[in-house]
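Step one of this worksheet: look at the structure below.
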Amino acid sequence: MRFLSWIGYLPLSVLYLLSDFVYFLLYYVVGYRKKLVFKHLQHAFPEKSPKETKQIARKFYQHLADIFVETLKLPHLSVAEIQQRVEVQNIELLQGFIAKNQPFLSFGAHTANWEWVPASLTTRGIPVDAVYKTLTNEKSDKFMQSLRASFGVHLIPMPRLMREIVTRKHLPRLIGLVADQSPHSPEHAHWFSFLHQDTAFFPGTEKIARATEMPIVFADIYRKRRGYYAVSFQLIGLPPYQSLSDGRITEMYKSKLEESIRQHPSDWLWSHNRWKHKRK
């Protein structure tokens, strides 16, 4: 881990050369989850030709390699650099909640560089609680925590989320959850058609929204060019949510995520085994 932390001191121009090499290894040598990625793309975009699918796949692997080096670079960026490299659109929506001393939920996804977004907000005066899944390897988990906590981001392990929400309820802030992963218990999931496939969505994010009665925004993150990103915040809903049927909040999130992926197909994490569960 110490070696990886040292890599972060290198300038991005050098790190992108390393990224090019990592991309070559992932795509051409190792073939990291290549069959899975192509299967996902073919099912998600049946209208695209084999050539178009291959282009998206190659761009995805290039982007995946960039995310690796950019995450290592995060604690070594200056405030000016992180603000320059991540454009925050519709920040007035977030500032409005903060001005009213209102904490709120942000549902995001593994799109573009999701690791840089929290820092791009804290450096602009938006406090952020970032919810994360603890890694199995303790050293790896501590290393990732040290990266993600850059620029004053407050980290919350998923099992402690509700407790932290209660103890910090007086603090106006964005509580960020990445909600696009496959749920552990598909029998309790919300099921929707997503990218032409029957897909299970984690029900916990909606339960949190209903339990806390907090406003919900969607974080649409996309890549502008290499090393430069934008995040656009869009309102999903305002409490109370009693009039909404069960699963409706998740469905609104699903629709916004699907639209984002269709607009920027190579930005999503296609190597995640998203459709491992089948509805019974």
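The values are calculated or read from the model by the stated rules, or taken from the named source; none is laboratory data. Since the structure is predicted, the reported quantities are computational estimates derived from the model, not experimental observations. Cβ coordinates were reconstructed from backbone atoms using ideal geometry, including for glycine residues, and neighbour counts include every protein chain displayed. Calculation scope for accessible area: heavy atoms of the full protein, side chains included, ligands and nucleic acids excluded. Shrake-Rupley method; radii C 1.70, N 1.55, O 1.52, S 1.80 Å.
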Among (1) within 11 Å of residue 176 (Cα to Cα); (2) loosely packed, with under 15 Cβ neighbours inside 10 Å, the one test that residue 154 misses: (2)
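Please enumerate the residues belonging to the range 174-199 that are of a type in the set (Val, Ile, Thr) and touching a Pro at 6+ places or on another chain (Cβ under 8 Å).
Result: 175, single match.
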Evaluation of residue 262 against (1) in contact with a helix residue (DSSP H, G or I) (Cβ under 6 Å, 6 or more places away or on another chain); (2) surrounded by fewer than 19 Cβ atoms within 10 Å (Cβ to Cβ) (one fails), failing number: (1)
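Each row is one residue, and each column tells you yes or no for (1) open to solvent by 30 Å² or more (accessible area, probe 1.4 Å); (2) β-branched (Val, Ile, Thr).
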| position | (1), (2) |
| --- | --- |
| 147 | no, no |
| 174 | no, no |
| 185 | yes, no |
| 192 | yes, no |
| 208 | no, yes |
Top-ranked residue in the range 78-132 [being charged (D, E, K, R) and in contact with a Lys or Arg (Cβ under 8 Å, 6 or more places away or on another chain); ranked as farthest from residue 162 (Cα to Cα)]: 87
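Right, residue 232: farther than 23 Å from residue 272 by Cα, open to solvent by 60 Å² or more (accessible area, probe 1.4 Å) and either β-branched (Val, Ile, Thr) or modelled with pLDDT of 95 or more (or both) or not?
no
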